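The structure under discussion appears below in the form of structure tokens.
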Amino acid sequence: MKTFAALALSIATLSFAAPAAAQFEKPEDAIKYRQSALFVMGQHFGRIGAMANGKIPFDAKVAQENADIVVIMAKLPWAGFGPGTDKGRDTKAKPEIWTEQAKFREHADKMGAETVKLATAAQTGDLDKLKSAFGETAKSCKACHDNYRNK
Ligand code: ASC
């Protein structure tokens, strides 16, 4: 019983501490997970983009809050690209993701690094810095989409 309790506790702790190591019951769940994470990230990134492009008024606090969420969201999708998750649900993911894992990982890491710079820029409250960091982050999204996402 003790062993079971310890095991249950360590599993619970692990699942809270390491969302990026999420386990999926079936490929469909992994695909849904990564699509959802990318969707939520896109929503928050888009709000920053609307400010960078003058579509909505610049609000430094709102930009900062959204950038912080983008940083967290950028960590999540990759756990959903595990082995055997190339099929199982409608997906635009190209098969090269699973044959060029190191290169795919580089794109993911690059994007993660750009989001951190975006959050740093958002903290300054300087719209020009935000615009420039937004552009660099968007480039890193696009580079991966160009290589690894079907139209
Ligand atoms: C976004 C978004 C993306 C990227 C990409 C950049 O706002 O949702 O996927 O920017 O379009 O080229």
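What the table below lists for this structure:
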item: Lys110 within 16 Å of the ligand (Cβ to nearest atom) and within 30 Å of Glu25 (Cβ to Cβ); result: no
item: Residue list for segment 26-72, filter: out of contact with any strand residue (DSSP E or B) (no Cβ under 9 Å at 6 or more places or on another chain) and either of a type in the set (Lys, Arg) or at pLDDT below 95 (or both); result: Lys26, Lys32, Arg47, Lys55, Lys61
item: When residues of segment 97-111 are limited to those that are within 15 Å of the chain's Cα centre (by Cα) and aliphatic (A, V, I, L, M), the one surrounded by the fewest Cβ atoms within 10 Å (Cβ to Cβ); result: Ala108
item: Subset of segment 112-137 [hydrophobic (A, V, I, L, M, F, W, C), surrounded by 17 or more Cβ atoms within 10 Å (Cβ to Cβ) and closer than 23 Å to Trp78 by Cα]; result: Leu118, Ala119, Ala133, Phe134
item: Selected residue [in contact with a strand residue (DSSP E or B) (Cβ under 9 Å, 6 or more places away or on another chain) and of a type in the set (A, V, I, L, M)] from Ala133, Ala93, Ala121; result: Ala93
item: Within segment 20-70, considering residues that are within 16 Å of the ligand (Cβ to nearest atom), surrounded by 20 or more Cβ atoms within 10 Å (Cβ to Cβ) and of a type in the set (Val, Ile, Thr), the one nearest to the chain's Cα centre (by Cα); result: Val70
item: Filter result for Leu76 (closer than 22 Å to Asn147 by Cβ and hydrophobic (A, V, I, L, M, F, W, C)); result: yes
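The values are calculated or read from the model by the stated rules, or taken from the named source; none is laboratory data. What you see is a predicted model; the values in this text were computed from it and never measured. So basically every Cβ, Gly included, is an ideal-geometry build from the backbone, and we count neighbours across all protein chains shown.
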